[in-house]
Amino acid sequence: MKFSLFVHLERISSEESQQRLYKEFLELCDIADRGGMHAIWTGEHHGMNFTIAPNPFLNLVDLARRTKNVRLGTGTVVAPFWHPIKLAGEAAMADIIMDGRLEIGIARGAYVYEYERLSPGLNAWDAGQKMRELIPAVKNLWKGDYAHEGEFWSFPSTTSAPQPLQDPHPPIWVAARDPNSHDFAVANGCNVQVTPLWLGDDEVVSLMDRFEAACKNNRDVPRPKIMLLRHTYVGNNEADVQLGAEEINRFYNYFGAWFKNERPVKQGLIERLSDEEIATNPMYSPESMRETNVIGRADDVIKRLKTYEALGYDEYSFWIDSGMSFERKKASLERFINSVMPAFAEAG
């Protein structure tokens, strides 16, 4: 099982410098690269200081000049916000600049807050249908001389300019949860990204079962890869581990607030949650976070990840976004690289 880093800029307060946050983002990525991680993933979000990532290709091209070994992936671009010709061209240009290190993760998107602003009236179903139309179109544009007549886009014969460096194209990953998404990804020769979010290991098993069923449904297609994304914190003692659980508890309460899209947002920052509001949400309690997400000392984390490796996951992505200070994120990542990864033969 290989290991990767999933990371964004997180801005919790208006007093935080966005330039400093970017420098901290770069330092975490440098640690991942020097530490032997396989890949770095960063996504696409708009108008949200919770996750600052307006165009992942910009970040990845910059990282390509600052790193040596890691693959660099979009985790993920939001399909309904892209025209197929635009995505095909920009991704191909990035792949050329990055010397063929690009991986492309694609999703339907998750936040109604973003749908309302970039594509008013869009719902999750139509966003998913756009993703299913977009991916085959992009692959055909890379082949060249492709005309498209679809539900959402129509255009005459076009060839992506440029075309990607990787042959036949950069690996494509689909963020999947329901069985239909798994089946679509596998049938179209795409790898699969999954995350159980705040759910426990029963969901990790179920997600693998959905992937395996999709592979059985598409035996004529070479088996793709599957990546598991989980919030991870490696602590150095019990008190440190408990603090990590409390911080990830707070993160998920804010994640839920953004997802519900019910609280006021000013200057890209959502209205603060009170301690009482956070305490009354048992689904994200620190105790629940320790049980569901990968939070513990190195030996505990190794045992947990060994079960994921045994299930058949090809890649485990360390989701570092957590609302923690940069110093705490850095210390956890370094402990993961130095004390967890060596226990896995394929690390790096």
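Tabulated results
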item: Calculated FRET efficiency for the pair Lys68/Ala124, C-beta based, R₀ 56 Å, to 0.05; result: 0.90
item: Local net charge near Ala53, Cβ-Cβ under 14 Å (Lys/Arg +1, Asp/Glu -1); result: -4
item: Check: the stretch 265-348 dipole with +1 on Lys, Arg Cβ and -1 on Asp, Glu Cβ, in debye; result: 240
item: Long-range HN-HN contacts of Gln193 with modeled amide H, under 5 Å; result: Val174, Ala175, Ala176, Met227
item: Listed candidates (i) 22.2; (ii) 23.1; (iii) 17.0 - label of the one calculated as mean projected area of the Cα convex hull in nm²; result: (iii)
item: Lys, Arg +1 and Asp, Glu -1 on Cβ, resulting dipole of the chain about Cα centre, debye, nearest 20; result: 640
item: Förster radius 30 Å - calculated FRET efficiency between Asp167 and Leu26, Cβ distance, rounded to 0.05; result: 0.50
item: Table column - 3J(HN,Hα) (Hz), the stretch 3-10, Karplus curve with 6.51, -1.76, 1.60, x for Gly and Pro; result: 10, 9, 10, 10, 8, 9, 7, 10
item: Leading residue at positive end of dipole, the chain (Cβ point charges), from Phe152, Leu273, Ile248; result: Phe152
item: Residue exposure sequence - Met289, Met227 - by fewest surrounding Cβ within 10 Å; result: Met289, Met227
item: Length-normalised contact order for the stretch 2-343 - Cα pairs under 8 Å, 6+ apart - percent; result: 18
item: Flagged links, alpha-carbon separation over 20 Å, of Lys225/Lys303; Lys225/Lys306; Lys2/Lys306; result: Lys225/Lys303
item: Table column - 3J(HN,Hα) (Hz), the stretch 252-261, Karplus curve with 6.51, -1.76, 1.60, x for Gly and Pro; result: 5, 5, 6, 4, x, 5, 5, 5, 5, 6
item: Pair Glu246, Glu291: separation of 7 Å Cα→Cβ label points (nm); result: 2.0
item: Interchain or long-range residues, amide H under 5 Å from Arg71's placed H; result: Ala39, Ile40
item: Cα gyration tensor category, rounded, prolate or oblate, for the stretch 46-199 with a/c compared to 1.5; result: rounded
item: Other-chain or far-sequence residues with amide H under 5 Å of Lys2's (modelled H); result: Glu315, Tyr316
item: Dipole-positive endmost among Asn123, Pro54, Asn293 within the chain (Cβ charges, Cα centre); result: Pro54
item: Helix-only [θ]222 nm of the chain, DSSP H runs n ≥ 4, -39500 (n - 2.57) each, per residue, nearest 500; result: -14000 deg cm²/dmol
item: Two-site label geometry, Ser14 and Glu149: point separation in nm, points 7 Å out along Cα→Cβ; result: 5.3
item: DSSP-assigned coil residues among trypsin sites (Lys or Arg not before Pro) in the stretch 28-124, each with at most 16 further Cβ atoms within 10 Å; result: Lys68
item: Prolate/oblate/rounded call for the stretch 1-133, Cα gyration tensor, a/c under 1.5 rounded; result: oblate
item: Value of D in µm² per second that Stokes-Einstein yields for the stretch 95-169, Kirkwood Rh from Cα pairs, at 20 °C (1.002 mPa s); result: 152
item: J(HN,Hα) series, the stretch 121-127, from Karplus relation 6.51 cos²θ - 1.76 cosθ + 1.60, nearest Hz, glycine and proline x; result: x, 6, 10, 4, 5, 5, 4
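Read the figures in this text as sums done on the coordinates, not as results from a lab. If you're wondering where the values come from, they're calculated on a predicted model, not measured in any experiment. Here Cβ is always computed from backbone atoms with ideal geometry, including for glycine, and neighbour counts include all displayed protein chains.
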